[in-house]
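Notes to accompany the following structure.
Values quoted throughout were computed directly from the atomic coordinates according to the rules given, and no laboratory measurement underlies them. A quick note: this is a predicted structure, and the numbers were derived from the prediction, not measured. Ideal geometry is used to build each Cβ from the backbone, glycine not excepted, and the neighbour counts take in all protein chains shown.
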C-alpha cells in the first residue's frame, strides 16, 4: 500500500473518531437542554398557578367584604322592619330583606366555591413544586455526569488531534489536499476498500484496469465512478 495512503487511512480513522466524539457531545448537550426545558416549563407552570391563586384570593376578599356589607345591611333592614307602622313601608322593607338574603346566600355559595378552588390550586401547586424540586435534582445529577464525560471527551479529542497534527506534515501535500477535498462530501469515507471487485463507497464494479493498478502498483488509485481513494485489504489481496 502507498505510504501516504496508509497514513491517510490513519487520518481518516482519527477524523471518524473525533466526529463520533463530537456527536456524543452534541447529544449530551441536547439531553441537558431537554431536561432544562422541562425544569423551566415546570417553573413557568408554578408561576401561572400562583397568579391564579392570587386572583382567586383577591376575588375571595372582595366577595367576603361584600358579604359583610350585605349581612350588615340585612341586620339594619331587620331592625327597621320591627319599627315600621304602615303596610306599604313594611312591604317595601320585606322586599329589600328578601333581596339581601338572596344576595347573602349567593355570596356564601360563591365564597365556598372560591375556597374550594383555592384549596385545589394550592394542592396542585404543592405537587408542581415537589416535581420541580425532583427535576432540579435530576438536572444537577445529569450535569455532574455530563460535565465529567465532557472533560473525558474533550481530553480524548485533544489527544487524537495532537497525534493527527503530528502525522499531517509527513504526508505529501498534494495528496493530503486531494483527500481533504474528497472528505468534504464523503464524510469519513474518502478512502474505502475494494470488496468483491467493487468500490466499497459507491458499490460500483471496478474495471480490470483499475484492479490491476491496485494489485500491481504503489500508486494511489481513485474510483472512476465516485472519485474516492481505493485500497485493497488483506482479504482482497489474497
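Observations on the structure shown:
- Ordering of 9-21, 76-88 by burial proxy (mean other Cβ atoms within 10 Å per residue, highest first): 9-21, 76-88
- Between helix 173-186 and the chain: long-axis angle, C-alpha atoms, 0 to 90°, nearest 10: 40
- Label point distance in nm, residue 161-residue 133, each placed 7 Å from Cα along Cα→Cβ: 4.3
- With R₀ set to 41 Å, the beta-carbon distance separating residue 54 from residue 184 gives a calculated FRET efficiency near 0.10.
- Contact order normalised by residue count of the stretch 173-237, Cα under 8 Å, 6+ apart, percent: 33
- Residue 177 paired with residue 145, simple spin-label distance in nm, labels 7 Å along Cα-to-beta-carbon: 4.8
- Förster radius 30 Å - calculated FRET efficiency between residue 222 and residue 17 (Cβ-Cβ, nearest 0.05): 0.75
- Selected from 134, 120, 89 as most flexible by GNM, with the chain as the system and alpha-carbon contacts under 10 Å: 89
- Fewest-first ranking of 223, 202, using other Cβ atoms within 10 Å as the exposure measure: 202, 223
- Full extension of the chain between residue 40 and residue 232 yields a length gain of 63.6 nm, computed as 0.36 nm times the residue separation minus the alpha carbon distance.
- Note that the stretch 1-97 shows a convex hull volume over its alpha carbon atoms of 89 Å³ per residue.
- Computed FRET value (nearest 0.05) for residue 110 with residue 79, which takes r as the C-beta separation and R₀ as 35 Å: 0.85
- Quotient of C-alpha Rg and 2.2 N^0.38 Å, computed over the chain: 2.31
- 0 to 90° range, to nearest 10: angle between helix 3-82 axis and the chain longest Cα axis: 0
- Distance between modelled label sites at residue 10 and residue 88, nm, 7 Å Cα→Cβ extension: 11.8
- Between the stretch 23-61 and the stretch 76-92, the alpha-carbon center distance in angstrom: 59
- Folded to 0 to 90 degrees: helix 87-167 orientation relative to the chain principal axis, Cα: 20
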